[in-house]
Structures are given as C-alpha cells and as structure tokens.
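Enquirer: Got a structure here, written out as structure tokens. Questions coming.
The values are calculated or read from the model by the stated rules, or taken from the named source; none is laboratory data. Just so you know, these numbers come straight off a predicted model, no measurement behind them. All Cβ positions, glycine included, derive from the backbone under ideal geometry; neighbour counts span all protein chains shown.
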Amino acid sequence: MFVTAAYAQSTTTEGAETHDAAAGEVHTETGVAHEGGHGSGVFPPFDSSTFASQLLWLAISFGLFYLLMSKVVMPRIGSILETRHDTIARDLDDAARSKAEADAAVAAYEQELATAKAKGNVIASTAREAAKAKAAADRTAVETSLNDKISAAEARIADIKAKALADVGSIAEETATAVVEQLIGGKVTKAEIASAVKASAK
Amino acid sequence: MAGDKVDPVHQFVVNKIVPIEIGGIDFSFTNASLFMVATLAVAAGFLYFTTSTRSLVPGRLQSVSELSYEFIASMLREGAGSHGMKFFPMVFSLFMFILTANMLGMVPYFFTITSQIIVTFALAIFVIGTVLVYGFYKHGLGFLNVFVPSGVPGILLPLVISIEIISFLSRPISLSVRLFANMLAGHITLKVFAGFVASLGTLGALGIGGAVLPLIMTVALTGLEFLVAFLQAYVFAVLTCMYLNDAVHPGGH
C-alpha cells in the first residue's frame, strides 16, 4: 500500500485521517514511494502497525548488543582497567622498594664514612702520639747528653781550677820567698812562708 | 506538496526496506530496523575497536570507552550498591545503546529510533521486567516490601501503599515517555525552525534577512539537542539504577 508521508499538517484533512484517502498516493516530494503501515493517518510513532517489526528488530539488535557488551567488550575493558591498576600498584611497590634500597645504600655509605673517619682519627692521633713520644725521647736524649757534657766540662773546669789554685800556692810561696829575700836579705824557712801564704789566702 | 518539505513529522515515518511477513504479522526490515542495526554496529564497533589494542596507556578513543565504562560502573554502584553490579552489563548496554541511538539521530536524514514510543517502551519494560523478575526471584514475596516504606504510621499505610503501587506502575510509562517525548519534541522543534529558514529564504531579500533568526535558533537548538541526547541516555541509565536498587534492596529506602 502506497501512502503519502505528509500528514495532517500538510495534506487535506480527509487524507490525513482515513486510510483510503491516503492509499495509492505517491510521495511527490522525492518521487519515492514510501510504504507505511495500515494506520497511515496516525502520528507515525503511534502507528501500531509498525510495532511488531520494531519490537523484533529492537530485540535482535539490542540483544546482540547486550551479548557483545557482556561477553566481549566489558570483560575486555574490565581486564584493561585491572591490568592498569595492577601495573600501577606493582610499579609503586617497585618504586617503594627501590627507595628503600637507595635509603639503605645511603645509610651504609654514611656508616662506612663514619667508620673511615673514626679510623682516620685513630691513625692520626696514633701518629701524633708517636711523633710526640719520639720528639720527647729525642729531647731527653739530647738533654741527657748535653747534661753529661756539661757536667764533664764542669768537672774539667773544677779540675783545672783546683790545679791552678794549687799552683797559685807554690807560686805565691816562691814569690814570697823571693820578696822576703829581697826585702830583708835573710832567709826564711819554707815552712814559715807556706804557713804565711796559707794564712793570707784565707 | 511544497509543505512536505517542512513537514516536521515526516522524519518519524517508518518505511519498509525489506518486507518480511511471518504468520500474518509484519516483521519488515524498515528504516527503523536499519538504524537499530546501525546503532548496534556503531556502538559495538566503537567500543570493540577502540579497546582492541588493550593499551596500558590509553589513547583518546580508548579513554572514551574506559570512561564510559567507569562512568556507568560508578553510577550503578552509587545507585544500587555493590550487589547491583550484576546488572552492570545491562545498564551499560542500555546507556550506550540509547546514547548512540540519540546521537545518530542528530545526523541529518538519519532516523531516530528513540523517537518511537514502542522502542522506548520496550526498553522501559525490559528494565521494569528485570526489576520484577529479579525482585521476586531473589526475595520472593519479600519483594512486596518495596511498596511499604519504613516508618509510616499504620493508619496511613493503605494510602501510602496505594500511592507506591501507582508510582511503581507508572515507572515504565514515565521512563519510556520521557525519552520518547524529549527526542520527538527536540527533532520536531529543530525541523520546524530549520523549515522556517528554508521558507523565509524563498521570500526574497527581506525573507533572507529574516531567516537569520531561525537559523541562529536552529544552531542553538542543535547544541541543545546534543545535550538532551546525552542527558536522556544518562537519565534513563540513572533511573534504571534506582529501579534496580529496589530489586536488590526492597524496602531499603
């Protein structure tokens, strides 16, 4: 049944309302014959003659769509999201572990640094102590030898002095004897001279 | 028939493409059927091919698919709780199907399947049917608690229960008519204003000057209609989630 696609708004009043008036008319605007349902005069969405076909094709297309969604697309998107979620979680774990490792490495480094520093200090102080001790020992050795030399020199000086003093006595006696002889022309005994010198030396 | 050009209802006529008749009932493959299949192909094809690489770092199109997935998932989880997630494929399919159908309807010369009351009504019945079947299957007669709000004084119960029953029965109607009427009215309005542009344009210089106004209106309405196309799919999905919540938790409101 060929019907016009124009309805109450554009056609004659009887054409819009009755089936018979519409029958056989051709859609003149496009020149294409439009096949409508039996209720051609009805507002198209309320044309019940198309309902069966629409329901069938809706059931087919929506049913197929539902199947595709529930069996193919949604599991796939779900797995994509899950994979991403897992990957992110794993990457975060990795990052946390790497950070912990880095922290441990830093701590170990600092510990070693501290140990090395302490060791360095020990070596330095040992060396300093040793140098100090050696210097002190050297100084004492030098001082001892110097003292030895000083005391030896002093001993010699004392020796020489004593000798010299001893010579002074005899020289004085001789001088005195000579002086006495010259002055008094007499002879004095050696003993007298000696005692006199001794007395004056005091 | 010059008026035919601007006949705003012409776009809703269902034409047979391949006549099929089984048992005296007309099951012809019509332009409506064609666009149902097109909706299926576009929506399923988009979701299928944009996710086919399964990239860890999604491209733009894959992001669109994933965002739709997560959007509906969070909508359903908020609406019907984690027990409602078993209806996720259903809500997702409904949303994507209606959204794609509405969006395809925005293309000039394309048929809008959601402007057919029988289509929206069938989808609404599918939702309410699922609520009823699952509700009674899961909770038996306890599902009837859905009509008995908690904390209502006994004397008011008959009144409240009858209101609840009426509201429940009107759900498939409101659900289907809302989508249908929005799409229908939007397309008619668009067509009427676009028709003004064409009619005024034939009236000479003054007419062309005057046609600017309906042209601006048509452009603005087109934007609005895209919003409505999304919004109605969204509203349908949100209401589906709410109704499914009744099936999952009867009397829990």
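Enquirer: Looking at (1) in a loop (DSSP other than H, G, I, E, B); (2) among the hydroxyl-bearing types (Ser, Thr, Tyr); (3) crowded, with 22+ Cβ neighbours inside 10 Å, which is the only condition residue B:52 fails?
Expert: Answer for residue B:52: the failing condition is (3).
Enquirer: While we're on this one: Mind listing just one residue for me: the one in segment A:39-73 that is hydrophobic (A, V, I, L, M, F, W, C) and not in a helix (DSSP H, G or I) and, of those, surrounded by the most Cβ atoms within 10 Å (Cβ to Cβ)?
Expert: Once the filter is applied, the top-ranked residue is A:42.
Enquirer: Right, another one. Looking at (1) within 14 Å of chain A (Cβ to nearest Cβ); (2) farther than 14 Å from residue B:240 by Cβ, which is the one condition that is false for residue B:127?
Expert: (2)
Enquirer: While we're on this one: Being within 21 Å of residue B:187 (Cβ to Cβ), more than 9 Å from chain A (Cβ to nearest Cβ) and either assigned to a helix (DSSP H, G or I) or without any contact (Cβ under 8 Å) to a residue 24 or more places away in the chain (or both) narrows it down to one residue among B:42, B:91, B:64, B:37; which is it?
Expert: B:42
Enquirer: So, one more: Kindly list the number of the only condition in (1) facing chain A (nearest Cβ under 9 Å); (2) surrounded by fewer than 16 Cβ atoms within 10 Å (Cβ to Cβ); (3) not in a helix (DSSP H, G or I) that fails for residue B:107.
Expert: (1) is the only condition that residue B:107 fails.
Enquirer: List every residue pair whose Cβ atoms sit under 8 Å apart, with the two residues 6 or more apart in sequence or on different chains, where the first one lies in segment A:50-71 and is facing chain B (nearest Cβ under 7 Å) and the second, anywhere, is acidic (Asp, Glu).
Expert: A:50/B:26; A:52/B:26; A:53/B:26
Enquirer: Got a sec? Which of B:227, B:213, B:206, B:169 is surrounded by 13 or more Cβ atoms within 10 Å (Cβ to Cβ) and assigned to a helix (DSSP H, G or I)?
Expert: Every option except B:213 fails the conditions.
Enquirer: Here is a follow-up. Counting only residues that are on the phi < 0 side of the Ramachandran plot and basic (Lys, Arg), how many does segment B:31-78 have?
Expert: 2
Enquirer: Restricting the search to segment B:16-34, which residues are in a loop (DSSP other than H, G, I, E, B), at the interface with chain A (Cβ under 8 Å from one of its Cβ atoms) and either surrounded by fewer than 21 Cβ atoms within 10 Å (Cβ to Cβ) or without any contact (Cβ under 8 Å) to a residue 12 or more places away in the chain (or both)?
Expert: Listed by number, the residues that qualify are B:19, B:20, B:27.
Enquirer: State which residue is farthest from the chain's Cα centre (by Cα) when the search covers only segment B:161-188 and only residues that are in contact (Cβ under 8 Å) with a residue 12 or more places away in the chain and within 13 Å of residue B:12 (Cα to Cα).
Expert: The qualifying residue farthest from the chain's Cα centre (by Cα) is B:188.
Enquirer: Oh, and also: Going through B:160, B:219, B:127 one at a time, which residue ends up being modelled with pLDDT of 90 or more and over 23 Å from residue A:55 (Cβ atoms)?
Expert: The unique qualifying residue is B:219.
Enquirer: In contact (Cβ under 8 Å) with a residue 60 or more places away in the chain and not hydrophobic (A, V, I, L, M, F, W, C), is that true of residue B:145?
Expert: Yes.
Enquirer: Does segment A:74-99 hold any residues that are of a type in the set (S, T, N, Q) and either outside any helix (DSSP H, G or I) or more than 8 Å from every other protein chain (Cβ to nearest Cβ) (or both), and which are they?
Expert: A:98
Enquirer: Which numbered condition trips up residue B:137, out of (1) under 22 Å from residue B:244 (Cα atoms); (2) in contact with an Asp or Glu (Cβ under 9 Å, 6 or more places away or on another chain)?
Expert: So residue B:137 meets the others, but not (2).
Enquirer: Additional query: When you go through A:172, A:127, A:152, A:136 one by one, which is the residue that is more than 59 Å from the chain's Cα centre (by Cα), without any contact (Cβ under 8 Å) to a residue 24 or more places away in the chain and either surrounded by 10 or more Cβ atoms within 10 Å (Cβ to Cβ) or assigned to a helix (DSSP H, G or I) (or both)?
Expert: Going through A:172, A:127, A:152, A:136 in turn, just one is more than 59 Å from the chain's Cα centre (by Cα), without any contact (Cβ under 8 Å) to a residue 24 or more places away in the chain and either surrounded by 10 or more Cβ atoms within 10 Å (Cβ to Cβ) or assigned to a helix (DSSP H, G or I) (or both): A:152.
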